[in-house]
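Engineer: Next up is a structure, given as structure tokens.
Laboratory data are not the source of any read-out in this text; all were calculated from the coordinates shown. A quick note: this is a predicted structure, and the numbers were derived from the prediction, not measured. In this analysis, Cβ positions are derived from the backbone assuming ideal geometry, glycine residues included, and neighbour counts consider all displayed protein chains.
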Amino acid sequence: MAAQRPLVVVDLQGQWRLDDQPSLARAMASAMAMAELGDPKSLRLGVTGGPSQARPLQGPHQSKLTKQAIKGLKARLPSLGIEWLEDQSELVAGVSEVGRCGPNRLFASPPIPLESFPRVFADFRRQLAANGPVEVEAPIGGNSGIDAAIDGASRSDGDSRSSFPFAGDELSALRHLQHFVHGSAGLRNYKQTRNGLSGVGFSSKFSVWLSIGTLSVRRIWAEVLSYQAINGEDEGSQAMQQELLWREFFIWLELANPKNFDQLGGIQGRSYEYLEDRDLFANWCHGNSGNPLIDAALKELNSTGYLSNRVRQWVASDFVHRLRLPWLWGARWFAWQLIDSTPSQNIGNWSYLAGVGADPRSFGSAGPRYFDLEKQLKIYDPRGSYLKLWS
Ligand SMILES: Cc1cc2nc3c(=O)[nH]c(=O)nc-3n(C[C@H](O)[C@H](O)[C@H](O)COP(=O)(O)OP(=O)(O)OC[C@H]3O[C@@H](n4cnc5c(N)ncnc54)[C@H](O)[C@@H]3O)c2cc1C
């Protein structure tokens, strides 16, 4: 009887990709080495989402994307000789080892000790810079031979007005990354375009794939560096690095403040006054807030799951200043609807705008930052195109 080949299983921990997964790369390398030696006990390799598939409840938009990601991943496994293991019960027999994939971060360990982690981004940047240029470990994996000249990301069905018309799978993420960074003016012009309100090209849309782990943030960083090696450190690529560091800042800020990060008083432990008006909130959720711009934004959010950063800021600021509702309620609606829903980023940004988080202006007596929507529209949408699109 042929000897049972040992099975090595790698738990992807909800990071639905093959690229830049060090545990998986190590397991694949040992399986290949044993097979080359003709070892009859050469390894079988399997991947699973495993017990860690239990992620926080996902809303409809992100869950559709995750399904596309898992489908795309499963389709690629057979040609790599990797088995898909649906659930725990398949893991019981014959598993010789389980590897686990890590979180999607630039830094594997805290870049600054958590006990003294800064509460504002500028201090985080300053302290990182104190040790020289930011060092990020190179991603594991190679150049996949993608043609950057075209955006080869698959399209997803849905509202044709969506700023994120793509599918959630890894190959779509990698193709869009190459096109945005190397094959178009996306990265070069990013500093000027990033405050756009709608459309495919004004920002990178990386957040969506980052949130479901089909794109590694270290892969993005490495591609930005390779762009800079050719084009120099222009303002577009520097602005992108800055934004990726914002993401990183909120990840570590949450870990440094586990007790109050997602509480109403935020990391400042500040009192926050609000009206507990459930009818007003229900109307807001469905795009009947009494302000046409905010209603348009909620229509876009509910229909597509995506909002530009600028529009997210307007909605959160209006929620806090005009409606005076508890900011955590707004954050919860965003968490359910957003296609890139990520607790650290959602809460980090909402608490910032509610004046209880990392906004330096809100420390002391200044209170939350206020966006005058009429003025903002004059600057960012002088022709009223956004309102027209979503009214
Ligand atoms: C109220 C509110 C809620 C938000 N909720 C989320 C959320 O749940 N998930 C999420 O990923 N982002 C969230 N953001 C941050 C930001 O709006 C999105 O990351 C960005 O709009 C995504 O589009 P993009 O990838 O095209 O961004 P780009 O402008 O192309 O930025 C590139 C990357 O930088 C990072 N980044 C950009 N802006 C921010 C920011 N303000 N904070 C942290 N990282 C940033 C993201 O990883 C993004 O993918 C929120 C912002 C606000 C104001």
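Engineer: Anything over 27 Å Cα to Cα? Flag those among 67/299; 299/378; 205/378; 74/191, in the order listed.
Structural biologist: 74/191
Engineer: Using mean Cβ contacts within 10 Å as the protection proxy, how do 59-72, 22-35, 126-139 order, highest first?
Structural biologist: Values: 59-72: 19.4, 22-35: 16.3, 126-139: 12.6.
Ranked by mean Cβ neighbours within 10 Å, highest first: 59-72, 22-35, 126-139.
Engineer: So what is the calculated 222 nm ellipticity per residue for the chain, using -39500 (n - 2.57) for each DSSP H run with n of 4 or more, over all residues, to the nearest 500 deg cm²/dmol?
Structural biologist: Here the helix-only value at 222 nm equals -13000 deg cm²/dmol.
Engineer: For Cα pairs less than 8 Å apart in space and 6+ apart in sequence, what is the mean separation divided by the residue count of segment 114-256, i.e. the relative contact order in percent?
Structural biologist: In percent, rounded to a whole number, it is 27.
Engineer: Can you list residues whose amide H is under 5 Å from residue 99's amide H, if they're 5+ apart or on another chain and H is modeled 1.01 Å from N?
Structural biologist: The answer is 9, 10, 11.
Engineer: Let me ask another. Counting only DSSP beta bridges with both residues in the chain, tell me the antiparallel percent, nearest 5.
Structural biologist: The answer is about 5 percent antiparallel.
Engineer: Another question, then. In percent, how large is the relative contact order of the chain, given Cα pairs closer than 8 Å and 6 or more residues apart?
Structural biologist: 17
Engineer: Kindly state, to the nearest 0.05, the FRET efficiency for residue 98 paired with residue 135, given R0 = 41 Å and r defined as their beta-carbon distance.
Structural biologist: On the way: r = 30 Å, r/R0 = 0.74.
Using R0 = 41 Å, I get an efficiency of 0.85.
Engineer: What is the extension gain from residue 191 to residue 278, computed as 0.36 nm multiplied by their sequence separation minus the C-alpha to C-alpha distance, in nm to one decimal?
Structural biologist: Length gained between residue 191 and residue 278: 27.4 nm.
Engineer: Let me ask something additional. At what distance in angstrom do the alpha carbon centres of segment 227-303 and segment 337-360 lie from each other?
Structural biologist: 4
Engineer: Over segment 249-347, with a single point scatterer placed on each C-alpha, what log10 of the ratio I(q)/I(0) does the Debye formula yield at q = 0.10, 0.12 1/Å?
Structural biologist: -0.27, -0.39
Engineer: What distance in nm lies between label points placed 7 Å from Cα along the C-beta direction at residue 230 and residue 150?
Structural biologist: Computed distance between label sites residue 230 and residue 150 equals 1.9 nm.
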